[in-house]
1. Out of the stretch 299-310, which residues are crowded, with 19+ Cβ neighbours inside 10 Å and either part of a helix (DSSP H, G or I) or not aliphatic (A, V, I, L, M) (or both)?
2. Restrict the check to the stretch 389-401 and report whether at least one residue is closer than 14 Å to I440 by Cβ and in contact with a helix residue (DSSP H, G or I) (Cβ under 7 Å, 6 or more places away or on another chain).
3. Being outside any loop (DSSP other than H, G, I, E, B) and surrounded by fewer than 17 Cβ atoms within 10 Å (Cβ to Cβ) narrows it down to one residue among R420, R429, R385, R333; which is it?
4. Let me confirm something: among L198, L237, which residue is more than 24 Å from H175 (Cβ to Cβ), among the aliphatic types (A, V, I, L, M) and assigned by TED's automatic domain parsing to the domain that holds P174?
5. Hey, among the residues in the stretch 42-77 that are polar (S, T, N, Q) and touching a residue at least 40 places away in the same chain (Cβ under 8 Å), which one's nearest to K110 (Cα to Cα)?
6. Against the conditions (1) crowded, with 17+ Cβ neighbours inside 10 Å; (2) outside the structural domain of E140 (by TED's automatic domain parsing); (3) not basic (K, R), where does F64 fall short? Just the number, please.
7. If a residue must be assigned to a helix (DSSP H, G or I), in contact (Cβ under 8 Å) with a residue 40 or more places away in the chain and not aromatic (F, W, Y), how many such residues does the stretch 20-36 contain?
8. Go through (1) of a type in the set (A, V, I, L, M, F, W, C); (2) at pLDDT below 95; (3) more than 20 Å from the chain's Cα centre (by Cα); (4) not in a loop (DSSP other than H, G, I, E, B) one by one and return the number of the condition A368 breaks.
Amino acid sequence: MLRGLYDHSPRFFQTLMMNVYARAKIGIRFSGKYPQFLDEVLRMQWLDAGALVAWQKRRFAAIFSQAQQHVPYYRRLFAEHGFQPAKIDDLQELRRLPVLEKTQLRRNPKDFINPTRKIAYLMRTSGTSGAPIATPYCAESLQWTTALITRFYRAAGADPRDRSIHLSDPRIVPHSEKRVFWRRNWVDNSLWFSLHHLKGDNIPAFFRAMRDFRPVYIDGYPTFIGEIARWVNAGGLAGQLPLAAVFTTSEIVTPDVRKCIERAFATRIHDMYGATEGAPIITQCPVGTYHIVPESGIVEFLRPDGSPAGPGEPAEMIVTSLRIWSRPILRYRIGDTAVLGEKPCPCGRSWPVVEQLSGRRAEWIVTADGRRLSMFSYQVFQVARNVEESQIIQHALDRFEVKLVTLPGYGDEDEAVIRRRFEEILGYRARIEMRYVDSIPRTAGGKRPAVISHVASGSFSSPSDGAGAPEDRKA
């Protein structure tokens, strides 16, 4: 109902609604314990490896001792395995416990909730491996995460509350809008652009609005920032909007996209990997190296047989969150792979180095009017219910196949919601074949792509040349 009210309201009222929502969110993120947490993480970034591991053990004991008392899943799990989180001497002891699968979170979400923590904010995953998962954040979890992100931004010469432009929300402007493709967020001093309207004829208006706004930084999906950067460079406008930094997330930053964006905006890209479920964050330091942020969680690198992988080996990441109290995750299969580095980074931080990160490829579709839509699965399924796994296959501009593994309770109305979302996002009616299956096969690398497009198979620099998007992100 609120979505319909927003879409059919005048621009002024849309801006008002957006700012009311932003004030509530910003009020939680930057208040309470946030100043204390920020001081703490700014000091901690220079601790040696031994001190950081000692902190991780204390943090783990605090979060999961509380989970042992109040969270049904962990109460049963720890009793079954005789595990006492307050008494672990070595983090390797976590391997006594089984891996937590995404299907368990989807099927029994209440089984993982800590009822002693008041939910302040609900986030949904991007759905890069299927149906999105909702994650409840209490205020303390959100403020700790915000402190870690602030530290990342400050290392790059910016602050989250600086004047900024966001290119990551596909629905900030109604699809029917023909002229003004952005909305002003006065609360957090930013301009939010509609990804739905980002196509050739509109890019000049996008760039003029960005240049007039004079942001300190841009953040968002590299695919879309790259589309604007390509137009800027082709028009001889490189350097006319110099920035302190560009922050990217959710997709692989390919070398050609990185080069294009950095040339257009006369700055460097600072990339971040993080999962809404509360998984550990991986960020680039000022040197450009990817690091696991130790105050965000614990990452195990495992071979296919479950044994620990060594540096230089491609390995699956199994993660334990140290930043979410309200819905703790322990030994969670996040679905991505990486290569652990061995050499220390010249930045001076003793954080683990990641040489290569795989799995977060840009999975987009192409529409009949020439738009590239990234995070398409998330846009479709963020409002869908009773879906356990999903995969969208684009066979033509107007023909899609949707594979679904459903949960009990799925019915005709759920299918109707999915079909309506396709039409709302695409802006036209496409042929959609719904296929209900028992499971969706994984790739040889263990991934289950949320989107496969036989139309959008080209590279960034030449959409029709048939080259596949690179799978790996390298430091």
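1. Those that are crowded, with 19+ Cβ neighbours inside 10 Å and either part of a helix (DSSP H, G or I) or not aliphatic (A, V, I, L, M) (or both): E300, F301.
2. Keep residues of the stretch 389-401 that are closer than 14 Å to I440 by Cβ, which gives 389-393, 401.
Checking the rest, the ones that are also in contact with a helix residue (DSSP H, G or I) (Cβ under 7 Å, 6 or more places away or on another chain) come to 390, 392.
Yes, there is a match, as at least one residue in the stretch 389-401 is closer than 14 Å to I440 by Cβ and in contact with a helix residue (DSSP H, G or I) (Cβ under 7 Å, 6 or more places away or on another chain).
3. Details: R429 fails: outside any loop (DSSP other than H, G, I, E, B); R385 fails: outside any loop (DSSP other than H, G, I, E, B); R333 fails: surrounded by fewer than 17 Cβ atoms within 10 Å (Cβ to Cβ).
After applying the criteria, what remains is R420.
4. Numbers: L198 fails: more than 24 Å from H175 (Cβ to Cβ).
None of the others qualify; the one that does is L237.
5. Here the residue is Q66.
6. The single condition F64 does not satisfy is (2).
7. Going residue by residue through the stretch 20-36, those that are assigned to a helix (DSSP H, G or I) are 20-29, 34-36.
Among the residues that remain, those that are also in contact (Cβ under 8 Å) with a residue 40 or more places away in the chain are: 22-23, 25-26, 28-29, 34.
Adding the requirement that they be not aromatic (F, W, Y) leaves 22-23, 25-26, 28-29.
The number of residues fulfilling the criteria is 6.
8. Result: A368 fails condition (4) only.
The values are calculated or read from the model by the stated rules, or taken from the named source; none is laboratory data. These figures come from a predicted structure and were not determined experimentally. Ideal geometry is used to build each Cβ from the backbone, glycine not excepted, and the neighbour counts take in all protein chains shown.
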